[in-house]
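Take a look at the structure set out below.
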Amino acid sequence: ISIWIFYIGLKLFIASFNVLMDKSMNEEQKEKLKTIIDSIKEIKGVCISSLNDCNGIRPHCFIMSANAKNFPSIVIHKDIFNENYIQNTTLPSLQKRLSFQLQQLKDTLFQMEDCFISYAQADYEGKTVEASNDIKEWIGKDASFIDVKESSNYEKTKLFISREQAKDLFFKDSIFSVSRLESFAKCPFYHYLKYGLHLREPKSVTEVSTKGTLFHSMLEHLTTIYHKDYIHVPLIEIEKIIKDEFSFFLKVYPNKKTWVEGQIIEYSQKIHRVLQQLSEFENSWHMNIKEQEYKILKKMEFEDMTLTFTGYIDRMDTSSTSFCIFDYKSSKKELRKENFQAGLSLQLLTYTIYIEENEHLKPVGCFYISLSSPFIQDEALHISYPKDNQKLGFVEPSNSNGLDEYNRQKIISGWNFDGFDIYIDSKEQFAIPKNTLSYEECKEQWDIIVNGLLKKMKEGDIQANHVENACMYCKFQRICRNNRKEVRQISFIEEEA
C-alpha cells in the first residue's frame, strides 16, 4: 500500500475566514460565522471515505483507493444527450466541470487537520495500480510504500477492549434497544462499530422510502382508519395513499419521477396482494386491534446498573383478558428456539413479557407477519410422456392454480401459548413449530439470556466471530478483517446448565 500523509493546521484555515469576516460581513454575521467555526473545532472523530465522499468536518480523515482510475471520477453524459449535445447548450462543458471538481476537492483536502491518503499498488489479480498525478502534484511528493503481511503469513487479529473501555462505550447510556442486544449476539464487532464507535452506515438516496417502512406505514394507516376492514380496501385507494407517501421524495428528487411512478404501481399491487393473503386470517381471528407503534420501556437490574430496554410493538391485539403481539417483517422470519436461546430473536418475547407485566393481560402468542411476495411457479401445461411400447404422449392443461397456492402461503410465524385456540377458527396461515417453550419457560430463560449477553458485552470481547449470513447485508465489510469467519450459535441456556 502506498500512502501520502500531510498535515494542514486549522489556524491557517480559520485565519482566512477572519479576513473574509473583516471585509464583507457585519457584526451579526461575523458572530454567527464565528460560532459555526468554533463548533467545527469541537467536532471529534474520524472520517473514512473515498475521494468522492471526503469532507473537512472531522479532524482526522482517511481517504482510500486514491488511484488514477478512481480519480478524477466525473459523470460523462452518454446516449442521446451526450457531451457533443452538451457543447451546444449553455450547460458547463466537460472541461469546466472537471476543473471545478478538482478545485473543490483540493480545497476540501487542505481544510483537513490530519489527512491520510492511500491506494493499493496492485489489485487482487496482480495488475499494477497507478497513482493519481493530481494528488501527487498538490501534495508535492510521492507516496511512501508501506509493507503489509502476505495472506500466507496472515494472522487473525485479536480484537478486544478493556472492561473500563467497554463500560464507557457500551454502558454510558442506560437505554438499550432490543435490536442492539440482538446485533451483539449476531456479531460483536458490528455492535462495537455501530453502538460503540457510532459509525454511520452508508445509505443511498433511493433508501428514503424502503419497502419495509412503506409497507409498515401503509398497514398502520389502513388499520387506523378501517380497523379490521382494512383487508377490503380497493386498489385505487392504496395507490392514492402510496402516491402521497412519495410526494415529498418527488419534491426533493424531481428527476426520479419515472422511477417513482413505477414504484407506486409495484408497491400498490404488492400491498393489495398482501391484504388478500391476510383476509383469511382476519376473518377467523377474534381479537381487536388495540395498539399500534406501542412504545415499551422495560427496566432491568444488571449488577450495579438499572438498564431500560426500548422498542416499538407494531401491533397488539387484545380481548378483555388476553393479548397477542404481531410484528411486521418485509421478509420471511421465523421464531426458533435455538435463535432465542442464543440471543438472536429477543424482540417478540421482550415485548410479550413487558405487556404481561404492565397491562396484566394473559399472553396467547407472539408472531411475525411476513409482508413479502413469494414467487409461485404456475405450470401452463402438463406434458404426459409415453411409456414403453406406446405412442407419443399428449399435452393437457395444468390443474395447478398459482393464485390459490399464493394465498395458501403461511405468512404468519411464531409461538402460541395457552388460550390461543380460543381466538382463532383456522390456523391455515400460521407456521407454528412443534415443541415450543411455554410462556413461563420463555420468561425464565429471557432473564438468563439477556444477563449472559450483557456480561459478555462488559468483558470487552469485540472479536468479529459471527453467526451464519451476518456479513451478507453488513455495511461495514470494507473495514472488517474477519474473513467471514462463522461460528456456532452459543446457547446461553446450555452454558447456564
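May I ask you to list the residues in the range 24-81 that are outside any loop (DSSP other than H, G, I, E, B), at pLDDT below 80 and either aliphatic (A, V, I, L, M) or in contact with a Lys or Arg (Cβ under 9 Å, 6 or more places away or on another chain) (or both)?
L33, I36, I37, I40
Give the number of residues within the range 349-384 that are modelled with pLDDT under 90 and buried (at least 18 other Cβ atoms within 10 Å of the Cβ).
Number of matching residues: 3.
Within the range 247-280, track down each residue that is of a type in the set (F, W, Y) and either assigned to a strand (DSSP E or B) or open to solvent by 60 Å² or more (accessible area, probe 1.4 Å) (or both).
Scanning the range 247-280 gives F248, Y253, W259.
For the range 281-307, how many residues meet the condition of being closer than 23 Å to E428 by Cα and open to solvent by less than 80 Å² (accessible area, probe 1.4 Å)?
6
Mind listing whichever residues of the range 295-331 are basic (K, R) and in contact with a helix residue (DSSP H, G or I) (Cβ under 8 Å, 6 or more places away or on another chain)?
K298, R315, K329
Collect the residues in the range 324-334 that are under 18 Å from I296 (Cβ atoms) and touching a Pro at 6+ places or on another chain (Cβ under 9 Å), keeping them in residue-number order.
C324, I325
Filter the range 465-484 for residues that are over 16 Å from A342 (Cβ atoms) and open to solvent by less than 30 Å² (accessible area, probe 1.4 Å); which is modelled with the lowest pLDDT?
Once the filter is applied, the top-ranked residue is N482.
Which one of these does A185 not meet: (1) open to solvent by less than 50 Å² (accessible area, probe 1.4 Å); (2) in a loop (DSSP other than H, G, I, E, B)?
(2)
If you scan the range 328-348, which residues turn out to be buried (at least 21 other Cβ atoms within 10 Å of the Cβ) and within 20 Å of I424 (Cβ to Cβ)?
Correct list: L335, L348.
When you look at E130, is it open to solvent by 50 Å² or more (accessible area, probe 1.4 Å) and of a type in the set (D, E, K, R), yes or no?
Here the answer is yes, as E130 does meet what is asked.
Among the residues of the range 433-464, how many are touching a strand residue (DSSP E or B) at 6+ places or on another chain (Cβ under 9 Å), assigned to a loop (DSSP other than H, G, I, E, B) and open to solvent by 50 Å² or more (accessible area, probe 1.4 Å)?
Final tally of qualifying residues: 1.
Which residue pairs have Cβ atoms closer than 7 Å, lie 6 or more positions apart in sequence or on different chains, and pair a first residue in the range 441-452 that is over 18 Å from W415 (Cβ atoms) and touching a residue at least 60 places away in the same chain (Cβ under 8 Å) with a second residue that is acidic (D, E) and assigned to a helix (DSSP H, G or I)?
G452/E495
State which residue is surrounded by the most Cβ atoms within 10 Å (Cβ to Cβ) when the search covers only the range 200-224 and only residues that are at pLDDT below 65 and hydroxyl-bearing (S, T, Y).
Among residues in the range 200-224 that are at pLDDT below 65 and hydroxyl-bearing (S, T, Y), the one surrounded by the most Cβ atoms within 10 Å (Cβ to Cβ) is S209.
Quick check on the range 238-250. Is at least one of its residues closer than 30 Å to K475 by Cα, under 23 Å from the mean Cα position of the chain (by Cα) and in contact (Cβ under 8 Å) with a residue 40 or more places away in the chain?
Taking every residue of the range 238-250 in turn, at least one turns out to be closer than 30 Å to K475 by Cα, under 23 Å from the mean Cα position of the chain (by Cα) and in contact (Cβ under 8 Å) with a residue 40 or more places away in the chain.
Return a yes/no flag: does the range 153-164 have any residue that is open to solvent by less than 70 Å² (accessible area, probe 1.4 Å), at pLDDT 85 or above, outside any loop (DSSP other than H, G, I, E, B) and of a type in the set (D, E).
no
The values are calculated or read from the model by the stated rules, or taken from the named source; none is laboratory data. Just so we're clear, the structure is a prediction, and the values are computed from it rather than from any experiment. Neighbour counts run over all protein chains shown; Cβ positions are idealised from the backbone, glycine included. What goes into the accessible areas is simple: the full protein's heavy atoms, side chains included, and nothing from ligands, DNA or RNA. Shrake-Rupley method; radii C 1.70, N 1.55, O 1.52, S 1.80 Å.
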